[in-house]
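See below for the structure under consideration.
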Amino acid sequence: IAKEEKISSYLEELLGQRSNILPVIQSGNDMLDVILNSKLNSLSETTIKIEINRTNAPETFPLSDADFCSLMINLMDNAIHAVIKCEEKQPILFLDFHIKNNFWVFTCKNSTSIKRKEKNRKQETIQMHGFGLYIIEKITKQYHILYDTKQESNFYEVTLAIPLTYSTK
């Protein structure tokens, strides 16, 4: 219980979390659950459709708590920002995460409405979110995390594969 209180206190400080967050995700990792439930709760009064497939995670990750929180918060903030700005009738935020072959595989896919003629706006978006992307890239390199993105006309997808055994070699 002391560990859960420490995690909650730490994340409350990071996220400005309120105690009325509805637990949607129960993955087996308390820190991940608080981050994702907090972020998903922020969409509760929108028309954004949330789809969640698998929700399995290890109890601990081979990253520091601060790095894991920074990674997940930045990924979710970017996805939520894009899906909120999306001009589709029914924007979607899709999450899927599971353990496969000693990797934790996390996929976040969100609707987006980036058009080719919006180059200036896209550049502005890159500048606004540049620091978050820098943090994501720094952490993925530091921990040898496989990081892939896919951009289509109506969606953006990020996939992470975190090795569950970490070696400094």
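Every number here is computed from the coordinates shown, using simple stated rules; none is lab data. All of these numbers come straight from a predicted model, not from anything done at the bench. So basically every Cβ, Gly included, is an ideal-geometry build from the backbone, and we count neighbours across all protein chains shown.
The peptide list 66-76, 27-37, 145-155, put in order of mean Cβ contacts within 10 Å with the highest first, becomes 27-37, 66-76, 145-155.
Put simply, the amide H of PHE155, placed in the peptide plane, has neighbours under 5 Å in THR112, leaving out anything fewer than 5 places away on its chain.
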